[in-house]
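Undergrad: If you scroll down you'll find the structure; I have some questions about it.
Any read-out appearing in this document is the output of simple, stated calculations on the displayed coordinates, not a laboratory observation. These numbers come from a predicted model, not from an experiment. Glycine also receives a Cβ, built like all others from the backbone with ideal geometry; neighbour counts cover every protein chain displayed.
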Amino acid sequence: MFRYVARRLLWMIPVMLFISVITFSLAHAVPGGPFDREKPVPPEIIANLNKYYSLDLPVWKQYLKYMGDVLLHFDFGPTYRSRSLRVNDIFRDHLPVSAQLGVVSMLIAIGLGVPLGMLAALKQNTFWDYLGMAVAIFGVSVPSIVLGPLLILIFALRLGWLPVAGWGTPAQVIMPALALGLGSSAIIARLTRASMLQVIREDYIRTARAKGLSERLVMVRHALKNAFIPVATILGPMFAAVVTGTFVVEQIFAIPGLGKYFITSITNRDYPVVMGTILLYAVILVFANLAVDITYAFLDPRIRYT
Amino acid sequence: MKTETKTVQERAAIRLSERMGEPANLWYDAWRRLIRNRAAMLGLIIVVVLIAMAVLAPRVAPYGYAQGDSYEAYTIPNWLINLLPASVKTYTKTGEKFLFGSDYLGRDMLSRLIYGTRVSLPVGFMGALTALIIGLVYGCISGYFGGAVDNIMMRIVDIMYAFPTMLLIILMMAFFKSSFAKVQPGSVSYTFNQINKLVDGILGLQGGGMLFIFMGIGITAWMGMARLARGQILSLKEKEFVEAAHMIGAGDIRIIIRHILPNIIGPCLVAETLAIPNYINTEVFLSFIGLGVDPPTPSWGAMISEGSQSIRSYPHMVLFPALALAITMFAFNFLGDGLRDALDPKMKGTS
């Protein structure tokens with residue numbers, strides 16, 4: 001197991017290099033520069049700015065310089081939008097916000113999706129099954145861009161139970177986390193149901209029942225554990241996506257998260273921020289997938305890593 | 001209870017009698033199953049109504065989508081005002097003129113919603129169509145010829161897949177927006193701009209920039225389809241009927257088109273129908289972040305974005321586009337689920 005994890009971590013290096021090269025070249029390939037304004041800026045000033053941020057160098061030199069700073073000093077560079085802020089500051093200020101929101105929404109997604117999917121599978125073709133599938137269709141059909149405003153309209157404006165928007169108090173986390181989590185919970189519920197339906201027909205479930213285990217034990221320890229494997233697979237990318245922030249939900253609920261920077265950095269040609277956010281996402285994704293692979297071994301002892 | 005449990009033979013006999021002795025036809029049977037599925041029929045009806053609205057937009061919409069008087073901005077219809085918090089009444093204008101109220105420029109919300117179907121529906125259908133065409137061709141070649149061809153083609157898909165789709169689309173859109181904006185006649189971007197104008201003209205949305213959205217979505221949409229088609233072909237090409245076709249001397253192209261495609265088109269169609277909501281959602285997201293259609297073209301995403309900025313004061317501006325989007329997504333999801341159940345009854349309710 002230890003060797004497997006070590007090898008996976010070593011594999012991260014070429015993957016990260018590959019992603020960084022592609023992102024860097026794509027970002028620079030998009031025409032326009034970071035200092036384009038509606039009102040034309042004098043060329044001397046642009047030249048000075050380019051020199052200050054070493055944008056006058058060839059792209060491959062810029063890349064080497066950037067990667068050198070990241071690897072040797074853990075410095076993700078400046079942001080062209082502000083003279084006092086650096087990308088590290090953006091991470092420090094905004095990543096915790098997005099991460100908190102993301103973790104809560106993942107808890108909602110799993111806490112709602114897994115039991116619903118299990119119930120739907122165990123009581124197939126009953127009320128619970130139809131309820132589960134209705135929730136699944138609802139979750140797929142109502143994206144967070146629709147759910148967010150609707151939640152605000154109902155629970156904040158009409159009923160007045162929760163604050164409209166903002167960040168800081170626990171009450172302000174509920175609605176954005178729901179808007180983010182319900183869609184994921186629908187996907188999880190569908191997947192759990194489908195894989196539960198497959199697992200409960202397996203021979204080892206019959207064996208477990210035959211040896212006199214209680215139904216609850218059979219379901220939780222034997223069925224769910226095996227049925228959870230495909231669910232765990234999608235949790236990795238899902239986790240990475242919500243933890244690094246989501247533009248739409250943050251925008252609707254006025255949350256100072258990281259999601260905004262993924263979008264604005266590209267439209268502003270703020271290259272260090274583009275690189276920083278993408279690399280951060282990629283690192284979290286790789287670690288999340290590694291964690292998923294390790295949980296496989298716990299869920300199914302037949303899966304061994306050497 | 002007795003009548004519920006029929007033997008396989010009895011059920012086959014019933015199916016045969018329903019067809020009144022006609023030979024089995026996959027599409028006819030699927031159609032019969034589809035119209036018996038109430039949710040799918042509801043979805044189909046909504047989709048047809050939406051298409052009719054898009055086609056007849058100039059006749060159905062009470063006003064133009066870009067026509068507005070800022071004097072009438074932020075009007076909330078009378079029927080809605082009682083559902084809103086009482087404080088809204090103290091500062092807002094109300095009126096009967098606009099059924100769904102008006103936006104921050106005094107444009108009729110209903111008309112903009114109706115014209116918005118001309119953005120959302122073409123995006124959904126074009127996304128599905130490009131994915132189907134590129135994905136099928138790519139997947140068929142890769143799966144049918146196998147070996148090194150398959151290996152190289154699928155690794156390309158893997159690399160594209162590993163890249164976050166949204167990032168790719170955003171980069172593409174940023175690229176299109178900035179490089180195709182300024183043009184001299186004769187250049188490549190000029191040609192693209194002319195095609196774009198033509199597309200916008202056909203859709204009746206001048207200056208919308210729809211072609212670039214089609215391209216952005218199409219470029220990223222085909223990979224899933226390519227994988228699906230390849231997988232289907234891999235399992236089919238070893239079957240006896242393909243071998244038989246080979247034996248009587250049919251060419252590769254003929255075998256793919258006449259013998260393999262009819263067998264894989266069902267699952268591919270289902271996958272694309274279920275993907276239509278995703279394409280619509282992508283356009284809504286792009287317009288939300290300001291990289292979608294250009295104003296004043298009405299996109300539901302842009303309307304939700306505008307509305308969510310003043311959600312506290314003027315909730316009607318976000319409510320209607322959000323509901324319209326939700327209804328459309330429901331309709332396509334119901335239809336797609338129904339289509340899957342109809343074309344492949346074994347798959348019913350599994351995913």
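Undergrad: Calculated FRET efficiency, residue A:203 and residue B:60, Cβ-Cβ r, R0 56 Å, to nearest 0.05?
TA: In this case the efficiency is close to 0.40.
Undergrad: Near the amide H of residue B:94, under 5 Å away, which other amide H atoms are found, from residues 5 or more places off or on another chain, if H is placed in the peptide plane?
TA: B:76
Undergrad: Could you work out which residue, out of B:169, B:280, B:253, moves most in a Gaussian network model of chain B, that is, has the largest mean-square fluctuation with Cα springs under 10 Å?
TA: Answer for the Gaussian network model of chain B: B:253.
Undergrad: Taking the Cα centre of chain A as the origin and placing charges on Cβ (Lys, Arg +1; Asp, Glu -1), which of A:298, A:200, A:118 is farthest toward the positive end of the dipole?
TA: A:200
Undergrad: Given the DSSP H assignment, sum -39500 (n - 2.57) over each helix run of at least 4 residues in chain A and divide by its residue total; what's the result at 222 nm in deg cm²/dmol, nearest 500?
TA: Calculated at 222 nm, the ellipticity per residue is -23500 deg cm²/dmol.
Undergrad: Segment A:50-129 to segment B:193-234: how many Å between their Cα centroids?
TA: 29 Å
Undergrad: Under 19 Å from a label point 7 Å along Cα→Cβ of residue A:213: give me every residue in segment A:101-139 with its amide N that close.
TA: A:115, A:118-119, A:121-123
Undergrad: If you rank A:89, B:294 by fewest surrounding Cβ atoms within 10 Å, what's the result?
TA: A:89, B:294
Undergrad: Report the label-to-label distance for residue A:171 and residue B:105 in nanometres (one decimal), using points 7 Å from each Cα along the Cα→Cβ vector.
TA: My value for the distance between the label points is 3.8 nm.
Undergrad: Here's a follow-up. Label-point separation (nm) for residue B:82 and residue A:56, each offset 7 Å from Cα along Cα-to-Cβ?
TA: Once both label points are built, they end up 7.1 nm from each other.
Undergrad: Now a separate question. Taking every pair of distinct Cα atoms and averaging 1/r, then inverting, what Kirkwood hydrodynamic radius in Å comes out for the protein assembly as shown?
TA: Final number for the Kirkwood radius of the protein assembly as shown is 27.6 Å.
Undergrad: So for segment A:99-166, averaging the separation of alpha carbon pairs under 8 Å that are six or more residues apart and normalising by length, what relative contact order in percent results?
TA: 14 percent
Undergrad: Say each of residue B:239 and residue A:64 gets a label point 7 Å from the Cα, pointing the same way as Cα to Cβ; how far apart are those two points in nm?
TA: About 5.7 nm separates the two model spin labels.
Undergrad: What residues from segment A:1-31 fall in the zone where the backbone N is under 19 Å from a label point 7 Å along the Cα-to-C-beta line of residue A:304?
TA: The answer is A:1-8, whose backbone nitrogens lie closer than 19 Å to the label point.
Undergrad: Related question: For chain B, what is the relative contact order in percent, using Cα pairs closer than 8 Å and at least 6 residues apart in sequence?
TA: Worked out over chain B, it gives 24 percent.
Undergrad: Relative to the compact globular guide of 2.2 N^0.38 Å, what is the alpha carbon radius of gyration of segment A:2-73, as a ratio?
TA: Its radius of gyration relative to the 2.2 N^0.38 Å reference: 1.53.
Undergrad: Using a 10 Å cut-off around each Cβ, can you sort A:281, A:130, A:261 from fewest to most neighbouring Cβ atoms?
TA: Going from least to most buried by this count: A:130, A:281, A:261.
Undergrad: Oh, and also: In peptide B:161-169, how many Cβ atoms from other protein chains are near each Cβ within 10 Å, on average?
TA: Counting other chains' Cβ atoms within 10 Å and averaging over B:161-169 gives 4.
Undergrad: Here's something else I'd like to know. Taking 0.36 nm per residue of sequence separation and subtracting the Cα-Cα distance, how much length would be gained by fully extending the chain between residue B:14 and residue B:206, in nm to one decimal?
TA: 63.6 nm
Undergrad: Can you list the HN-Hα couplings for segment A:12-27, worked out from phi with the Karplus curve (6.51, -1.76, 1.60; θ = phi - 60°), rounded to whole Hz and with x for Gly and Pro?
TA: Coupling constants for segment A:12-27: 4, 4, x, 4, 5, 4, 4, 4, 5, 5, 4, 4, 4, 6, 5, 4 Hz.
Undergrad: First measure r as the distance between the Cβ atoms of residue B:67 and residue A:287, then evaluate 1/(1 + (r/R0)^6) with R0 = 45 Å and state the FRET efficiency to the nearest 0.05.
TA: Plugging the Cβ-Cβ distance into 1/(1 + (r/R0)^6) gives 0.30.
Undergrad: Sum -39500 (n - 2.57) across every DSSP H segment of at least 4 residues in chain B, then divide by the residue count to get the 222 nm mean residue ellipticity, nearest 500.
TA: Result for chain B: -22500 deg cm²/dmol, rounded to the nearest 500.
Undergrad: Using the Karplus curve 6.51 cos²θ - 1.76 cosθ + 1.60 with θ = phi - 60°, what ³J(HN,Hα) values do you get for each residue of segment B:201-210, in whole Hz, with x for Gly and Pro?
TA: Karplus-based 3J(HN,Hα) across segment B:201-210 equals x, 4, 7, x, 10, 4, x, x, x, 5 Hz.
Undergrad: Within the set A:51/A:260; A:123/A:211; B:89/B:177; A:260/B:177; A:39/B:97; A:123/A:225, which residue pairs have Cα atoms separated by over 30 Å?
TA: B:89/B:177; A:39/B:97
Undergrad: Okay, next question. How do A:38, B:243 line up, fewest other C-beta atoms within 10 Å first?
TA: Least crowded to most crowded, the residues run A:38, B:243.
Undergrad: Could you give me the ³J(HN,Hα) list for segment A:55-71, computed from phi with Karplus coefficients 6.51, -1.76, 1.60 and θ = phi - 60°, whole Hz, x at Gly and Pro?
TA: Computed from phi, the couplings for segment A:55-71 are 7, 7, 6, x, 4, 5, 5, 4, 4, 4, 5, 4, 5, x, 4, 5, 6 Hz.
Undergrad: By how many nm would the segment from residue B:45 to residue B:161 grow when fully extended, if each residue of separation counts as 0.36 nm and the alpha-carbon distance is taken off?
TA: That pair, residue B:45 and residue B:161, stretches by 38.3 nm at full extension.
Undergrad: Determine the distance separating the Cα centre of segment B:298-341 from the Cα centre of segment A:269-296; give it in Å without decimals.
TA: Using only Cα atoms, the two centres lie 31 Å from each other.
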